[in-house]
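Comments concern the structure below.
The values are calculated or read from the model by the stated rules, or taken from the named source; none is laboratory data. A quick note: this is a predicted structure, and the numbers were derived from the prediction, not measured. Please note: Cβ atoms are built from the backbone with ideal geometry, for glycine as well, and neighbour counts cover all protein chains shown. We work out accessible area using only protein heavy atoms, side chains counted, and drop any ligands, DNA or RNA first. Shrake-Rupley method; radii C 1.70, N 1.55, O 1.52, S 1.80 Å.
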Amino acid sequence: MAQTTGLSRFLNIPDLDKAVPDMVNCNMLSVTMMTQIVLPQMVARRKGIIINLSSELGRHPAPLAVLYGATKAFVDFFSRGLEAEYRSRGIIVQSVLPLLVSTNMTFNVAPNRFVKSAEDYAREALNTVGLTSRTSGCLSHAIKAFFCDLLLPEWFRLSSFGFKLQTNLWRRMKDTVAVSKRK
Ligand SMILES: NC(=O)c1ccc[n+]([C@@H]2O[C@H](COP(=O)([O-])OP(=O)(O)OC[C@H]3O[C@@H](n4cnc5c(N)ncnc54)[C@H](OP(=O)(O)O)[C@@H]3O)[C@@H](O)[C@H]2O)c1
């Protein structure tokens, strides 16, 4: 099963017939079914914390990662709605929307100004539990998300010019990752 499909146009996703159900199962169905399993005991105890990992790519439509982005938008919407439903029952549901964190999914690229180490990210993100129900997870990601929204509004990102710009940006990031993997 796949958690991401890399960066490509929808029809160019490798093994699309398998990638679509895999992505939906891994990123959407698992979250929904796990909630169905754990929530009843939490409600009975009137206490519980659910932290769901969405993604910055789920905050806006994400050209070149539409399938992944859409499943992460589901996670964010599901979590925020669930929070509203169960907050009064003592349950915290937090939606976390990271940018880039160095993990297997990001080919363990070396942490740098843009990429947070998994340990640092987890530490900062856990400190936000109970303070906010929707978070980028750490200050540097929150600042970057803020400036991305400000400087690259959604209408621009989805325009033909914005799409070309993102394609080039992703290509460069891919090259950076490839170089860092070779080192
Ligand atoms: N890293 C980032 O930059 C980033 C950014 C935004 C959002 N996220 C989200 O953060 C979450 C954690 O990702 P990560 O970066 O920590 O990636 P990761 O290091 O690759 O870890 C993913 C975990 O999910 C498990 N997994 C992957 N596919 C699975 C499947 N089909 N069925 C069951 N388990 C599966 C993996 O198990 P195995 O170890 O057995 O493979 C691994 O334990 C994901 O939901 C991801 O979308 C990550």
Could you tell me which residue out of Gly81, Met28, Gly58 lies farthest along the dipole of the range 1-97 toward its positive end? Charges go on the beta carbon: Lys and Arg +1, Asp and Glu -1, centred on the Cα centre. Gly81
Under 10 Å, Cα contacts only: if you run a Gaussian network model on the chain, which one of Leu11, Leu131, Leu152 comes out with the highest mean-square fluctuation? Leu11
Starting from a Cα-only point model with no solvent, please compute log10 I(q)/I(0) by Debye for the range 10-152 at q = 0.13, 0.15, 0.19 1/Å. -0.63, -0.83, -1.23
To the nearest 0.05, how large is the calculated FRET efficiency for Arg134 and Ser88 if R₀ is 25 Å and r is the Cβ-Cβ distance? 0.90
For the chain, longest principal axis from Cα atoms; helix 30-45 axis from its Cα atoms; angle between them, nearest 10 degrees, is 20 degrees
HN-Hα J in Hz across the range 100-106 - Karplus 6.51, -1.76, 1.60, θ = phi - 60°, x for Gly and Pro: 10, 10, 6, 9, 4, 4, 9
Estimated [θ] at 222 nm from DSSP helical runs (n ≥ 4, -39500 (n - 2.57)) normalised by residues in the chain, nearest 500: -16500 deg cm²/dmol
Can you list the lysines whose alpha carbon is less than 27 Å from that of Lys174, not counting same-chain residues fewer than 8 positions off? Lys18, Lys72, Lys116, Lys144, Lys164, Lys183
Residues of the range 124-163 with amide N under 17 Å of the 7 Å Cα→Cβ point at Val38: 125-135
Against the longest principal axis of the chain, how steep is helix 66-86, in degrees 0 to 90 to the nearest 10, with axes from Cα atoms? 20 degrees
Please list 110-121, 39-50, 87-98 highest first by mean number of surrounding beta-carbon atoms within 10 Å per residue. 87-98, 110-121, 39-50
Between 0 and 90°, nearest 10: helix 160-182 axis offset from the chain longest Cα axis: 90 degrees
What are the ³J(HN,Hα) values, in whole Hz, obtained from phi via the Karplus relation 6.51 cos²θ - 1.76 cosθ + 1.60 with θ = phi - 60°, for each residue of the range 88-93 in sequence order, with x given for Gly and Pro? 5, 9, x, 9, 9, 10
Quick query: amide H of Val101 versus all other amide H atoms, modeled in the peptide plane; which residues come in under 5 Å with a sequence gap of 5 or more or a different chain? Lys116
Quick one: go through the range 40-56 and flag any residue whose amide nitrogen is under 15 Å from the point 7 Å out along the Cα-to-Cβ line of Thr106. 54-56
To the nearest 20 debye, what charge dipole does the range 10-152 have about its Cα centre, counting +1 at the Cβ of each Lys and Arg and -1 at the Cβ of each Asp and Glu? 540 debye
Per-residue HN-Hα couplings for the range 5-17, Karplus 6.51 cos²θ - 1.76 cosθ + 1.60 at θ = phi - 60°, whole Hz, x for Gly and Pro? 10, x, 10, 6, 4, 3, 6, 8, 4, x, 6, 4, 4
Leaving out ligands, DNA and RNA, and with a 1.4 Å probe, what % of the accessible surface on the range 10-152 is carbon or sulfur? 65 percent
Could you provide, to the nearest whole Å², the per residue accessible area of the chain with probe 1.4 Å? 62 Å²
Gain on full stretching of the segment that runs from Val20 to Arg46 - 0.36 nm per residue minus C-alpha separation: 5.7 nm
